[in-house]
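Below: the structure, in structure tokens.
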Amino acid sequence: MAKGTIADSAAWKKLQGHVEDINKTHLRDLLKDEKRCQGMIKEVDGIVFDYSRQRATAETVEGLLSLAQAAKLSEKIEAMWSGQRINETEDRAVLHVALRAPRDAEILCDGKNVVLEVWATLDKIKAFAERLRSGDWIGATGKPLTDVVAIGIGGSFLGPLFVHSALETDPSAQELSKGRSLRFLSNVDPVDASIALKGLSQETTLVVVVSKTFTTAETMLNARTCRTWITSKLGADAVSKHMIAVSTNLKLVKEFGIDPENAFAFWDWVGGRYSVTSAVGVLPLSLHYGFEKVEEFLQGTWSMDQHFRNTPLEKNLPVLLGLLSVWNVTFLGYPARAILPYSQALQKLAPHIQQVSMESNGKGVAIDGTRLPFEAGEIEFGEPGTNGQHSFYQLIHQGRTIPCDFIGSVKSQKPIYMIGEKVSNHDELMSNFFAQADALAYGKTREDLQAENVKESLVPHKVFTGNRPSLSILLPALNAYTVGQLLSLYENRIAVQGFVWGINSFDQWGVELGKSLATKVRSQLNEARTKDAPVQGFNYSTTYLLKHYLK
Ligand code: F6P
């Protein structure tokens with residue numbers, strides 16, 4: 001078969017030509033067209049999406065839908081859902097959507113309905129969480145275990161942390177976690193272990209080792225550190241009561257010394273960064289909040305998954321938003337996206353999406369190995385508003401153009417109304433949510449400034465060019481269900497981007513080189529420390545730095 005990429009398609013070339021048309025427009029004018037705006041505001045299961053502040057017209061969307069067709073997007077989505085091995089370089093299916101399917105659903109992989117296995121694990125998690133939370137599962141000294149430390153890194157950490165951060169201020173979830181604590185240990189930096197274990201007693205702590213492979217150096221070292229922390233106080237036998245695991249590699253779990261009975265499985269068709277709805281996230285979150293609360297989160301993801309699978313492309317939110325991201329990155333040349341939740345509870349959304357997006361789509365070749373003639377992937381970063389406003393928004397308003405995702409909610413998790421204040425604290429927060437999107441779109445002209453009698457020498461500094469795209473997502477409230485919807489929206493949108501770029505969004509070879517070089521350094525450090533061996537085999541710079549470090 002002849003090699004080529006999506007950039008060879010007529011739809012791609014047409015969109016390239018269309019950039020010139022869009023460059024003649026300004027969002028200030030596009031936003032005057034109410035019919036256009038109406039078509040770009042959609043509601044899905046209670047969430048409002050407004051993409052009228054994207055630098056796009058109906059013609060752009062039409063062109064992007066043709067591109068989707070050229071990229072065989074519908075077929076790729078279907079291939080994913082039907083369990084085909086679309087992660088070709090690892091020869092794996094990509095079925096994280098099956099993790100949130102209801103009990104009676106059927107999703108096949110290799111002729112087997114994987115939903116049955118998913119629910120067998122969910123039932124096991126539910127039973128274990130009930131035992132732990134009721135005090136039926138006790139520690140080595142007979143005390144109930146109230147504190148959980150989840151060890152994991154990357155996908156085995158960021159998603160669960162994101163969901164936990166979103167729920168820990170939700171009143172109903174808070175009620176369910178009274179008297180309990182959930183902490184995460186990810187970095188191999190010993191400082192992280194000291195923070196995670198600070199103030200905890202071994203007698204009341206359960207350590208959950210979360211690792212898909214059970215070989216990740218950082219996680220295994222942290223697991224050994226916690227094992228020593230437990231056994232040094234409670235004796236070797238305490239491991240069976242105080243350590244459990246989540247992994248696809250139950251053999252290694254057993255070798256580590258954790259009873260496979262106390263291990264919770266997942267499958268190679270779940271990518272690490274897509275694993276928060278597997279036992280990776282469901283177990284620690286259920287221990288803390290109870291399984292029923294986590295089930296609400298799974299139901300939210302499933303709702304958006306269903307919209308993604310069953311809605312025609314032109315009305316399909318993850319598809320439309322994925323296509324618009326491709327438009328921004330590849331055609332308009334904006335390589336980054338800022339994720340700006342006007343919600344403190346979503347403070348860990350951007351760090352999670354960083355991995356989902358950048359590990360998925362940061363690729364240089366098409367799925368058949370052809371080097372891409374364009375740059376795929378998107379640089380993700382973000383911070384909750386209003387904090388971000390007082391940090392990096394200057395660059396977004398007057399420096400580089402960075403498409404923004406503004407995320408807000410109608411209701412606050414913690415409303416505060418103060419007598420004498422004109423607005424509630426949440427209204428104050430949301431005033432910024434609404435204002436920022438318009439400030440970016442409209443900007444401020446020289447004429448506006450002159451009408452305000454601004455000193456001429458300051459005028460150039462105070463001009464805002466505007467025409468800076470953004471997307472507004474308005475949730476009814478922030479709770480387990482809507483967090484699930486949001487997660488699924490981002491996961492599927494990122495998959496759409498990868499499908500259109502024609503890359504494999506489900507492998508991550510780019511993380512391997514650094515890992516193997518670290519192995520070489522690790523053995524050198526060991527040789528130097530134990531046998532006083534000289535530093536060798538590195539370039540001048542690394543040799544110099546290593547010698548200085550070892551001095
Ligand atoms: O960073 C590389 C990676 O393989 C991620 O994809 C994964 O989420 C993370 O390491 C952790 O891997 P594991 O769950 O196997 O410990």
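Observations on the model:
- Each residue of segment 22-35 is assigned a 3J(HN,Hα), and the resulting list reads 5, 5, 8, 9, 9, 4, 3, 7, 4, 6, 6, 7, 5, 5 Hz, derived from the Karplus form 6.51 cos²θ - 1.76 cosθ + 1.60 (θ = phi - 60°), x at Gly and Pro.
- In the chain, a dipole from Cβ-located charges (positive for Lys and Arg, negative for Asp and Glu) runs towards its positive end, and of V19, V61, G142 it is G142 whose Cα lies farthest in that direction.
- Around the Cα centre of segment 375-476, unit charges on the Cβ atoms of Lys, Arg, Asp and Glu (plus for the first two, minus for the last two) sum to a dipole of about 200 debye.
- Karplus-derived 3J(HN,Hα), 6.51/-1.76/1.60, for each residue of segment 212-219, Hz, glycine and proline x: 4, 8, 6, 10, 4, 3, 4, 5
- Amide H contacts of S409 (H built 1.01 Å from N, under 5 Å, at least 5 apart or other chain): L475
- Alpha-carbon spread of segment 133-198, three principal axes, descending order, Å: 33, 32, 19
- The amide H of V246, built 1.01 Å from its N in the peptide plane, has V209, V210, S211, F264 as neighbours under 5 Å, considering only residues 5 or more places off or on other chains.
- Descending semi-axes in Å of the chain, equivalent ellipsoid built from Cα gyration tensor: 41, 28, 27
- With contacts taken as Cα pairs under 8 Å at a separation of at least 6 residues, segment 394-551 carries a relative contact order of 24 percent.
- The orientation-averaged projection of the convex hull spanning the C-alpha atoms of segment 477-548 amounts to 9.3 square nanometres.
- Rounded to the nearest 20 debye, the dipole magnitude of the chain is 1200 debye, with +1 charges on Lys and Arg beta carbons, -1 on Asp and Glu beta carbons, and the Cα centre as origin.
- Annotation: extensible slack from V423 through A10 equals 143.4 nm (criterion: 0.36 nm per residue apart, minus Cα-Cα distance).
- Prolate/oblate/rounded call for segment 86-173, Cα gyration tensor, a/c under 1.5 rounded: prolate
- A Förster radius of 25 Å, combined with the Cβ-Cβ distance separating K35 from T465, puts the computed FRET efficiency at roughly 0.45.
- Taking segment 255-381 and dividing mean pair separation by its residue count, relative contact order in percent (alpha carbons under 8 Å, at least six apart): 18 percent
- In segment 89-125, GluC sites (Glu not before Pro) in a DSSP loop with at most 10 other beta-carbon atoms within 10 Å: E106
- Between the amide H of A336 and those of I379, distances stay under 5 Å, these residues lying 5 or more places away or on another chain, with hydrogens modeled in the peptide plane.
- Additional length obtainable on full extension of the chain from V410 to N387, 0.36 nm per residue less Cα span: 6.4 nm
- When shorter helices are ignored and each DSSP H run of at least 4 residues is given -39500 (n - 2.57), the per-residue value for the chain at 222 nm works out to -14500 deg cm²/dmol.
- Segment 427-468: GluC sites (Glu not before Pro) in DSSP loop, at most 12 other beta carbons within 10 Å: E452
- Karplus (6.51, -1.76, 1.60) ³J(HN,Hα), θ = phi - 60°, over segment 264-280, in Hz, Gly and Pro reported as x: 10, 8, 9, 10, 5, 8, 10, x, x, 6, 10, 9, 4, 8, 8, 4, 3
- Quotient of the Cα radius of gyration of segment 1-95 and 2.2 N^0.38 Å, N being its number of residues: 1.40.
- From least to most packed, judged by other beta carbons within 10 angstrom and beginning with the fewest, V191, V329 follow the order V191, V329.
Only the coordinates and a few stated rules stand behind these numbers; no lab work does. Since this is a predicted model, take the numbers as computed values, not measurements. Heads up, the Cβs are rebuilt from the backbone with ideal geometry, glycines too, and the neighbour counts pull from every protein chain shown.
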